1. Take the Cβ-Cβ distance between Glu204 and Leu333 as r, set R0 to 41 Å, and report the resulting FRET efficiency rounded to the nearest 0.05.
2. Report, in deg cm²/dmol and to the nearest 500, the calculated mean residue ellipticity at 222 nm for the chain, where each DSSP H run with n ≥ 4 adds -39500 (n - 2.57) and the sum is divided by the residue count.
3. Ratio of Rg to Rh for segment 118-264, alpha carbon only, Kirkwood?
4. Any idea what the relative contact order of the chain is, in percent, if you count C-alpha pairs under 8 Å spaced at least 6 apart?
5. Hey, what did segment 229-369 get for relative contact order, percent, Cα under 8 Å, at least 6 apart?
6. How many nm is it between the label spots at Asn109 and Glu87, if each spot is 7 Å from the Cα in line with the beta carbon?
7. Could you derive backbone 3J(HN,Hα) for segment 56-72 from the dihedral phi with the Karplus parameters 6.51, -1.76 and 1.60 (θ = phi - 60°), listing whole Hz in sequence and x where the residue is Gly or Pro?
8. Measure off 7 Å from each Cα along the Cα-to-Cβ vector at Asp52 and Phe269, then give the distance between these two points in nanometres to one decimal.
Amino acid sequence: MSEDVIETDVLIVGCGLSGLTIADRFAREKDMSVLIVEKRNHIGGNVYDEIDENGILVSRYGAHLFHTDSERVWAYVNRFAEWVRWEHKVLAHADGRLVPVPVNITTINALCGTSLRSEDEARAWLDEHQELPVEIRNSEDMALSRVGRRLYERLFRPYTVKQWGKEPAGLDPSVLARIPVRCSFDDRYFSDRYQALPRHGYTEFCRSMLDHPKIRVLLDTDFFEVRDRIRAGLVFYTGPIDRYFGGLPPLEYRSLRFETIRLRNVPFFQPNSVINYPSPDVPYTRIVEYKHFLHQESPHTTIVRETSTDEGEPFYPVPNPENQALYARYKALADREIGVYFAGRLAGYKYYNMDQAILAALELCDRLL
Ligand code: UDP
C-alpha cells in the first residue's frame, strides 16, 4: 500500500463472511465506497477453498457445511451463487467401528449392545439412560442429559477434551448442545431446512459478493499497520476483539492445525467425507476427505487431518463463564467506540455458524442503513 491517505465511506477489517455481507449492503444498497483490508493473502476468511493439484476442491481452513433455517439468509446467499443440496453426514470411529454422529438408533445399537428398532424403543432407552440434572450448567450436563453416560464417555467427552483442551464440564452447555440426539435412523448431521454447498465453492461465492465497482479489497494488509492512512466514515472490525483493544488480558481462542495428505491413484481413503476420532489415543480430531463433497471426480484423493491447538490463528472462541466475563469487558470498550462496529465470530466472541454470522451482519446493517 502506498503512503498516500485513502478515503472511503466504509472501511471493513477482514474479508470473511461478516465483512463481505457488510460490504455488499453498503455498496449495493447505498452506493457507498467500501474498502476491505485483509491480513491474509486471499478473500473469504475461513471459508476459503481452492482446487488442489489432485483437481479436488479443498477448504484451507476445514470443511464448511452450510445449513440454515433462516429464509432470509437462504434467499440472501442465493443471490451470489448456485447452491446444491447437500445433507452432511459424519461417522465417528469408536470401539473399533464407524458409527453415525449425532447419536441415532444405529449409534446406540452399535455402542450399547441394544437392538432397538423404533422411535418408541429408542425413546424408552434414552429415558432410562439420560442423566437429568436439576440445572444444565455445562456441556457435560448437556451431553449426559441427552445421551447418557456410556455414549458421552465414548463419543463426546474424549473428543471434546481434544477439541477444546478442556473437560466438557468446563465449557458452556451450548458447545455440546450443537449436537442433537435422534430417536430415529436419521443420520444427517444437521436438521435445518436448507443444507447446501455452493456449486463452485465458497471462494467463488465470496468473489461474487465482492463483484461491485464500489468495493475494493487490499490483501496482505494488516489494519493496525495502515489505520493511520485510511480516512473512513464508518469502520467495521471483524478481527479478534482483543487485538483491537489493549490493556486487558487476552481472550482465549482455540486454533486448528491442518495436515494435508495427497494420495495419488487412490480412489478413496475413507467411506465418508468426515470421520471423527474421539479416541484419546489418536492425536487428531477428524479426517476430512474432500472429494466426497458434491461427488467430485478424480483418480486421486486428498485428505486433511485436523488437530486442535492453543497456538496459531484464532478459530473458535472458547465459550465458558470466565471467557464470557472477560469478553464483556471488551464489549463495554467496544460499545464506547464511536463510528466503529464489531462483527463476526472473532470480534463478537461468538461460536457462530456461517448462517448466523451472515444474519448478524445483515441485522447490524439493517440498524445502520
Ligand atoms: N463433538 C464431540 N464428538 C463428535 C462431534 C462433536 O464431542 O463426534 C463435540 C465437540 O466438543 C465439538 C462440538 O461437539 O467441538 C461441536 O461440534 P461441531 O461439529 O459443531 O464442531 P465444529 O464443526 O464447529 O468444529
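1. Details: r = 37 Å, r/R0 = 0.91.
That gives a FRET efficiency of 0.65.
2. Details: 13 runs with 112 residues, N = 369.
Value at 222 nm, helices only, nearest 500: -8500 deg cm²/dmol.
3. Numbers: Rg = 22.3 Å, Rh = 20.4 Å.
Checking Rg against Rh, the ratio lands at 1.09.
4. On the way: 733 pairs, mean separation 98.3, N = 369.
Reported relative contact order: 27 percent.
5. Numbers: 205 pairs, mean separation 45.9, N = 141.
It rounds to 33 percent for segment 229-369.
6. 1.8 nm
7. So the J values, rounded to whole Hz, are 10, 6, 10, 7, 6, 10, x, 4, 10, 10, 7, 8, 7, 9, 8, 4, 5.
8. 0.7 nm
Values quoted throughout were computed directly from the atomic coordinates according to the rules given, and no laboratory measurement underlies them. In this text, all values refer to a predicted model and were calculated from it rather than measured experimentally. No Cβ is skipped: glycine too gets one built from the backbone with ideal geometry, and neighbour counts run over all protein chains shown.
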